[in-house]
Amino acid sequence: FDKMDEGDRTAIHEVMEQQTISISKAGITTTLNARTSILAAANPARSRYNPRMTPEENINLPAALLSRFDVLFLMLDRPSHDDDLQLARHVAYVHAHGRHPPREGTEISVDLLRHFVAAARARDPVLPRAVADYVVGAYVQLRQQYKAGLQARANGGANASGPASARSNIGNTTPRTLLAILRLAQAHARVRGAVAVATEDVDEGLRLMDAAHVTLDAQPAGGQHGLFGERGAARADAVSAIFALMVRLVRTAAVASGSLQLLQLAYSDVLDRVRDAGYSEADLSRCITQYEDINVLQVNLTRTRITFVDASAVQAAQ
């Protein structure tokens with residue numbers, strides 16, 4: 001994407017925003033539909049990612065253009081013994097045998113995959129009123145998180161608590177974010193073969209967006225500074241970060257339901273979000289234990305449900 005001419009990138013704005021493209025040729029001006037997904041890749045400025053600079057400075061693309069992408073993932077080539085060994089063996093095998101190595105597990109034929117994608121695209125799941133309210137609540141909560149992150153950065157990070165307080169400007173929350181949630185939720189419903197969008201589809205869309213944000217907020221291993229050139233203390237306290245994550249989840253559910261009486265979360269959903277944020281189940285257990293001791297959280301005997309005992313703790317938390 002970074003190799004494109006500025007004029008070409010500007011022309012893509014309308015395609016990504018309005019799903020149309022305007023053409024003016026030989027005195028004829030017309031507008032055509034351009035309903036397609038865009039998967040783009042870009043190299044960092046100066047061809048090397050500098051962890052002491054912000055993602056905005058490294059990517060060096062206009063914010064107006066980046067905001068039109070539903071999800072943005074930052075992929076860094078960090079040294080890893082297992083990954084490097086697997087890549088080296090793959091390259092060596094291809095050069096030695098002239099073909100790709102045999103794959104493990106069951107393969108899906110290309111024709112079957114094409115038929116599945118075509119069938120999924122033919123569906124047009126509707127958005128029920130209850131799910132629409134759930135999406136609205138999730139968007140409002142994301143806006144509150146973004147506002148808290150801006151305030152934390154304005155205060156120099158002194159009041160930061162958890163990954164959300166150090167969010168990049170690339171991952172800011174705008175009305176386009178609301179459209180992104182709807183698109184991801186509808187896409188997930190199409191893959192399931194459903195005729196209507198469910199809350200689980202919305203949750204999956206939010207999980208994907210949160211996982212993308214985590215890559216932007218990630219801290220290099222062994223470094224004192226994050227990818228934003230900031231101190232990594234906001235992510236160092238796993239217990240506080242996980243509790244802030246659970247508060248965001250339960251506040252989103254509360255806003256959608258319009259009630260703060262029964263604040264519960266599924267343990268499996270929380271564990272998935274915790275792992276996406278780069279923490280382990282042991283970190284989640286430590287967080288639950290600490291907040292159980294002060295009677296803020298309770299977990300049932302089968303460890304399937306986490307309940308906030310006091311709603312005031314959720315209302316007070318940022």
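Under 1.5 on a/c is rounded, so check that first for region 67-127, then, if it is not, pick prolate when a/b is larger than b/c and oblate when it is not; a ≥ b ≥ c are the square roots of the alpha carbon gyration tensor eigenvalues. In terms of gyration-tensor shape, oblate. Computed over protein heavy atoms with a 1.4 angstrom probe, the accessible surface ordering of Arg305, Arg89, largest first, is Arg89, Arg305. Accessible area ranking (1.4 Å probe, heavy atoms, ligands and nucleic acids excluded), largest first, for His95, His13: His95, His13.
Put simply, the amide H of Leu297, placed in the peptide plane, has neighbours under 5 Å in Glu292, Val309, leaving out anything fewer than 5 places away on its chain. Going by accessible surface with a 1.4 Å probe and the largest first, Met209, Met75 read Met75, Met209. In the full protein context, region 24-101 carries 80 Å² of accessible surface per residue, based on a 1.4 Å probe and ignoring ligands, DNA and RNA.
For Thr36, the accessible surface of its heavy atoms amounts to roughly 90 Å² (probe 1.4 Å, protein chains only, rounded to the nearest 10).
Region 12-33 and region 38-89 have Cα centres spaced 30 Å apart. Shown for region 1-93: the carbon plus sulfur share of the solvent-accessible area, taken with all protein chains present and a 1.4 angstrom probe, equals 53%.
Round to the nearest 0.05 the FRET efficiency obtained for Leu39 and Gln290 when R0 = 45 Å and r is the Cβ-Cβ distance. E(calc), rounded to 0.05, equals 0.60.
Judged by the mean number of other Cβ atoms found within 10 Å, the most tightly packed of the peptides 286-296, 22-32 leads the ranking 286-296, 22-32.
The values are calculated or read from the model by the stated rules, or taken from the named source; none is laboratory data. Here the structure is a predicted model, which is why all the values come from computation and not from measurement. Counting neighbours? That spans all protein chains shown, and the Cβs are built from the backbone with ideal geometry, glycine included. Note: areas computed on protein heavy atoms with side chains; ligands, DNA, RNA excluded. Shrake-Rupley method; radii C 1.70, N 1.55, O 1.52, S 1.80 Å.
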